[in-house]
Amino acid sequence: MSIPVNCWRFVYRGALPNGEVWQTGVWLQGSAPSSNAAALALAQTEFNSEGTNTPSSFWNAFKSHTGAGVTLTAVLVYSYPNGGTVAQYVGQSTGTALLGTGAGGVCPNQVSMCMSLLTGQSGRSYRGRMYLPPIISSELTVNGLWTSGTTTSITTAWATKFTDFNVAAGFGKVVVVSQKHTSATQVLQIRTDFRPDVQRRRANRVQNIGAVTQPVTP
């Protein structure tokens, strides 16, 4: 089992309230960085791009749907020009964290919007998933679902980003990677359900800020 040759990955990483972290990533195939310097340059370029007011910045679309306690702190690049199981080259961006701007309480850290990356082929090896940070609770409907407007806005931003990657020189194509089959299959659609999903590990580092205890008369 191995990652195919000439594949590489963007990983987006940030902080969540009360000491937890989040991250999600996307695979590409083609033009894989062939040095740590090249990986660093791409990571920095992508992080800088996320701080701009452009259609292909997912953070530009996402920030108003989450609170200031949710941040984007770094973009990392892992490059596998020779395939295998260990990245041959790695780069990590630096810069001031990008903050959420939405008002209101944020859903618990483990509540996530899940996007499915579809390739047109059936089977788990040919589908990807991206788990985004929690969104402000006011953007849930009375039925406990994400609103259509929120879901459409965020999904459209990612679809625009993927399209820009596909057509830009030096980025390759957005793919779903299967180590089981040593395959890379191009992503054709993004599907985001209205139903919130759960990332249980995002509660692992959360600090218990306090608790309430009330006496019971015997």
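Just a few scattered comments:
- Gyration tensor (alpha-carbon) shape descriptor, region 1-148, a/c threshold 1.5: oblate
- 0 to 90° range, to nearest 10: angle between helix 36-50 axis and the chain longest Cα axis: 50 degrees
- As a length-normalised measure over Cα pairs under 8 Å and 6 or more apart, the relative contact order of the chain settles at 27 percent.
- When the Cα positions of Thr96, Val75, Leu188 are compared along the charge dipole of region 7-200, Leu188 comes out farthest toward the positive end, with charges on each C-beta of Lys, Arg, Asp and Glu.
- About the Cα centre, charge dipole magnitude for region 7-200 (Lys/Arg +1, Asp/Glu -1 at Cβ), debye: 460 debye
- Per-residue Cβ neighbour counts within 10 Å put His181, His65 in the sequence His181, His65, beginning with the fewest.
- Projecting the Cα atoms of Ser35, Pro218, Gly51 onto the dipole axis of the chain, where Lys and Arg carry +1 and Asp and Glu carry -1 at the beta carbon, places Pro218 farthest toward the positive end.
- Counted by neighbouring Cβ atoms within 10 Å, the residues Lys180, Lys161, Lys63, Lys173 run from fewest to most as Lys180, Lys173, Lys63, Lys161.
- Angle of helix 148-167 to the longest C-alpha principal axis of the chain, folded into 0 to 90 degrees and rounded to 10: 20°.
- Cα-based shape type of region 73-177, given that a ≥ b ≥ c are square roots of the gyration tensor eigenvalues and the cut on a/c is 1.5: prolate
- Fewest-first ranking of Ser153, Ser178, using other Cβ atoms within 10 Å as the exposure measure: Ser153, Ser178
Only the coordinates and a few stated rules stand behind these numbers; no lab work does. Just so you know, these numbers come straight off a predicted model, no measurement behind them. Here the Cβ is made from the backbone with ideal geometry for all residues, glycine too, and neighbour counts use every protein chain on show.
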